[in-house]
Amino acid sequence: MMRPDPLRPGDKVALLAPSGPVSFERLPAIVQGIRDMGLEPVVYESLYGRHGYLAGSDELRAADLNRAFQDPEIRGVLCVRGGYGAQRILPLIDFEIIRRNPKFFLGYSDITALHIAIGQICGLVTFHAPMPGTWFELKDEYAIGELKRVLFTDAAGPLRNHPAQSLSHLRGGHARGLLTGGNLSLVASSLGTPWEIDTRGRILFLEEVGEEPYRVDGMMAHLRNAGKFKDCAGILLGAFTKAEAGEPERSLSLDQVFDELLPMDKPCIRNLSCGHVDYSLSLPMGREVAMDADALSLEIMK
């Protein structure tokens, strides 16, 4: 896998919206948040785009991504927010441009569709990390430190969970492989498409927000039935937030869903502080990761 050069203070970075629209009222604070991080923001047209729940037309959003990777002055491509819509632009992305111009690429949530496609087609490491739409709101020193770690270094070594959240293991054991995955809804939706996630020998990371246990159950069962858990080397479960059942007395818990659907013979670590939380860990998708579910340790390999 190709590793993009870390960013440096003063680097120009493209701000774009491959999925949902960005609030005009928040845009000045977003731009200032990039400058406060020591980077020079270049605002692309999709940040002003509106097409229902999308940041402009599919053609506009895809063109912004293609142009950002093609522009030699742009050192990093930052997705300002998620929402919905990244899957719609996959047929319009020029992956050859991305392969020829590997750059730092950051986002999460709906951006999972792009992480999977760029990683598998272009062989480029990308970063699952807090998006610029919230940088100016970050107050937690852990989240800020994690963000700076992936922005400005190529550091290997142990991954630290947030102090307020303890790791646990669903299954013990050891595994090592390239990191893949992201938002559960997007991972499951990739199945049966040309951009279907490849979990063979990989560490599969999953997180989700706003889905009741029965919905998580359905998506996890879909991945199991497609052989994605059987193929992977290990599983990391991040934050599953706002996942309360509407009728708790008639629902399985998330713990039950995971225990019943995840394989018994694959190491699985739970409660990784990564996903739709205010203190998210930042993950290098496509880097080799070693996990020890017995010792509850994770390490990015050199």
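How much length is gained if the chain between Ile144 and Asp294 is pulled fully straight, taking 0.36 nm per residue apart and subtracting their Cα-Cα distance, in nm to one decimal? List each step's numbers first, then the result.
Values: separation 150, 0.36 × 150 = 54.00 nm, distance 2.86 nm.
Answer, rounded to one decimal: 51.1 nm.
Run the quick spin-label model on Lys302 and Glu137: label points 7 Å from Cα toward the beta carbon, then report their separation in nm to one decimal.
4.0
Using +1 at the Cβ of each Lys and Arg and -1 at the Cβ of each Asp and Glu in the range 54-139, identify which of Trp135, Ile121, Gly56 lies farthest towards the dipole's positive end.
Going by the charge dipole, the pick is Trp135.
Against the longest alpha carbon principal axis of the chain, how many degrees, from 0 to 90 and to the nearest 10, is the axis of helix 112-122 turned?
80
Below 14 angstrom from the Cβ of Lys148, what's the summed charge of the other residues (Lys, Arg +1; Asp, Glu -1)?
Surrounding charge for Lys148 is -3.
Within 13 Å, Cβ to Cβ, of Ala226, how many net charges do the neighbouring residues add up to if Lys/Arg are +1 and Asp/Glu are -1?
+1
Two decimals is fine: what is log10 I(q)/I(0) at q = 0.11, 0.13, 0.19, 0.20 Å⁻¹ for the range 206-302, from a Debye sum with one equal scatterer on every Cα and no solvent?
For the range 206-302, the Cα-only Debye profile gives -0.35, -0.49, -1.03, -1.12.
Roughly what angle does helix 58-70 make with the longest principal axis of the chain, taking Cα atoms, 0 to 90 degrees, to the nearest 10?
Helix 58-70 sits roughly 80 degrees off the main axis of the chain.
With no solvent and one equal point scatterer per Cα, compute the Debye intensity ratio I(q)/I(0) for the range 13-80 at 0.27 Å⁻¹ and report its log10, rounded to two decimals.
Taken in order of the listed q values, log10 I(q)/I(0) reads -1.19.
Send over a whole-number figure in Å² for the accessible area per residue of the range 70-216, probe 1.4 Å.
Spelled out: the 1.4 Å probe surface of the range 70-216, per residue, equals 38 Å².
Between His174 and Lys12, what is 0.36 nm times their sequence separation minus the Cα-Cα distance? Round to one decimal in nm. Show your work: numbers first, answer last.
On the way: separation 162, 0.36 × 162 = 58.32 nm, distance 4.01 nm.
My answer for the length gained is 54.3 nm.
Going Cα to Cα from Lys230, which aspartates and glutamates come in below 18 Å? Please leave out same-chain ones fewer than 8 positions away.
Glu196, Asp198, Asp217, Asp259, Glu260, Asp265
Starting from the Cα gyration tensor of the range 124-179, take the square roots of the eigenvalues, sort them a ≥ b ≥ c, and report rounded, prolate or oblate (rounded when a/c is under 1.5, otherwise prolate if a/b is larger than b/c, else oblate). Write out the running numbers ahead of the final one.
Values: a/c = 2.22, a/b = 1.40, b/c = 1.59.
Cα axes put the range 124-179 in the oblate bin.
Assuming a ≥ b ≥ c are the square roots of the Cα gyration tensor eigenvalues, decide whether the range 143-236 counts as rounded (a/c under 1.5), prolate (otherwise, with a/b larger than b/c) or oblate.
Prolate, because a/c is 1.5 or more and a/b exceeds b/c.
Let me have the 222 nm mean residue ellipticity of the chain computed from DSSP H runs of 4+ only, each contributing -39500 (n - 2.57), with the sum over all residues rounded to the nearest 500.
-8000 deg cm²/dmol
Of the heavy-atom accessible surface of the range 1-108 (probe 1.4 angstrom), what whole percent is carbon and sulfur?
50
GNM, the chain, Cα, under 10 Å: largest mean-square fluctuation among Phe229, Phe136, Phe105?
Comparing Phe229, Phe136, Phe105 in a Gaussian network model of the chain, the most mobile one is Phe136.
Output needed: percent of Cα pairs per 20 Å distance bin for the chain, bins running from 0 to the one holding the longest distance.
36, 59, 6
For the range 294-302, in order, what is each residue's ³J(HN,Hα) by Karplus, 6.51 cos²θ - 1.76 cosθ + 1.60 with θ = phi - 60°, in whole Hz (x at glycine and Pro)?
3J(HN,Hα) across the range 294-302, in whole Hz: 6, 8, 6, 10, 9, 9, 7, 7, 6.
With labels modelled as points extended 7 Å from the Cα through the Cβ direction, what inter-label distance (nm, one decimal) is found for Arg215 paired with Asp255?
In this crude label model, Arg215 to Asp255 measures out at 2.3 nm.
Find how much the distance from Leu92 to Arg224 grows on full extension, using 0.36 nm per residue of separation minus their present alpha carbon separation; answer in nm with one decimal. The partial results should precede the final answer.
Working: separation 132, 0.36 × 132 = 47.52 nm, distance 2.97 nm.
Gain in length upon complete extension: 44.6 nm.
So for Tyr279, Tyr53, what's the accessible-area order with a 1.4 Å probe, most first?
Details: Tyr279 60, Tyr53 150 Å².
I get Tyr53, Tyr279, largest accessible area first.
Ordered by residue, what ³J(HN,Hα) values in Hz, to whole numbers, does the range 241-248 give under the Karplus form 6.51 cos²θ - 1.76 cosθ + 1.60, where θ = phi - 60° and Gly and Pro are x?
With the stated coefficients, the range 241-248 comes to 9, 6, 10, 5, 6, x, 10, x Hz.
Using a/c under 1.5 as the rounded threshold, could you call the range 1-121 rounded, prolate or oblate? The axes a ≥ b ≥ c are square roots of the C-alpha gyration tensor eigenvalues, and prolate needs a/b larger than b/c, oblate otherwise.
oblate
Quick one: angle between helix 213-225 and the longest Cα principal axis of the chain, in degrees between 0 and 90, rounded to 10, please.
Result, in degrees: 90.
Could you go through the range 5-19 in sequence order and give the Karplus-derived ³J(HN,Hα) for each residue, using 6.51 cos²θ - 1.76 cosθ + 1.60 with θ = phi - 60°, rounded to whole Hz, and x for Gly and Pro?
Each residue of the range 5-19 in turn: 5, x, 6, 10, x, x, 5, 7, 10, 7, 9, 9, 10, x, 10 Hz.
Using amide H atoms built 1.01 Å from N in the peptide plane, name the residues 5+ places from Phe105, or on other chains, whose amide H lies under 5 Å from its own.
Val77, Phe127
The values are calculated or read from the model by the stated rules, or taken from the named source; none is laboratory data. Keep in mind that what you see is a predicted model, and the values were worked out from it rather than measured. Cβ sites come from the backbone with ideal geometry, for glycine too, and all protein chains shown count toward neighbours. Note: areas computed on protein heavy atoms with side chains; ligands, DNA, RNA excluded. Shrake-Rupley method; radii C 1.70, N 1.55, O 1.52, S 1.80 Å.
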